[in-house]
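The values are calculated or read from the model by the stated rules, or taken from the named source; none is laboratory data. Given the structure is predicted, the values throughout are model-derived calculations rather than measurements. Every residue, glycine as well, gets a Cβ built from its backbone with ideal geometry; the counts of neighbours run over all protein chains shown. Protein only, heavy atoms only, side chains kept; ligands, DNA and RNA dropped before computing areas. Shrake-Rupley method; radii C 1.70, N 1.55, O 1.52, S 1.80 Å.
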Amino acid sequence: MTRMFRTAALGLAGLLAAAPASALDLTKKRENLPDLVLGDDQGNDFVVENKDITLESGKAYRLRIVAKGRQEYKFYAPEFFRYIWFNQIVIEHKEIHGGGPPDHLEFDDPGEIAIEFVAIKPGTYTWAARGLESKGMTGTLTVK
């Protein structure tokens, strides 16, 4: 009986030791999604490129949200942010690492913010540029 317990304990210890290495590899194999672009450089502040994006649960991704228009864009996706694991947020080659999701991402000027994450919970999540929804500044992020 003692021998079976030792064998089971060693097997469990081996599984637990391997788990962190697997998790680290997942973030290195991320897929770059098409840029979600708010506005354009032709003066069309309310057009959106790639407003609906589909992902797979359990995969790592990088999504660049790019503001090209001259509006103040407040990017809200609270349910989506709640159901992904953030690796980092990158703004002008500066990385932000934290323990939880942001409330929203805000652009006062043209620029880009990249989020690197693992999609966790399947569902269809709405995003919106708060205050500009009636201008068509909404879309979906679908995790299958």
> In the stretch 112-124, what count of residues is obtained for those that are among the small types (G, A, S) and at pLDDT 95 or above?
Replying inline: 2
>> Given the condition among the β-branched types (V, I, T), in a strand (DSSP E or B) and touching a Lys or Arg at 6+ places or on another chain (Cβ under 8 Å), answer yes or no: does some residue in the stretch 121-135 qualify?
In response: no
> Filtering the stretch 95-139 down to residues that are hydroxyl-bearing (S, T, Y), open to solvent by 40 Å² or more (accessible area, probe 1.4 Å) and in contact (Cβ under 8 Å) with a residue 12 or more places away in the chain, which residue is farthest from K59 (Cα to Cα)?
Replying inline: T138
> Which ones in the stretch 70-99 are among the small types (G, A, S) and within 12 Å of the chain's Cα centre (by Cα)?
Replying inline: A77
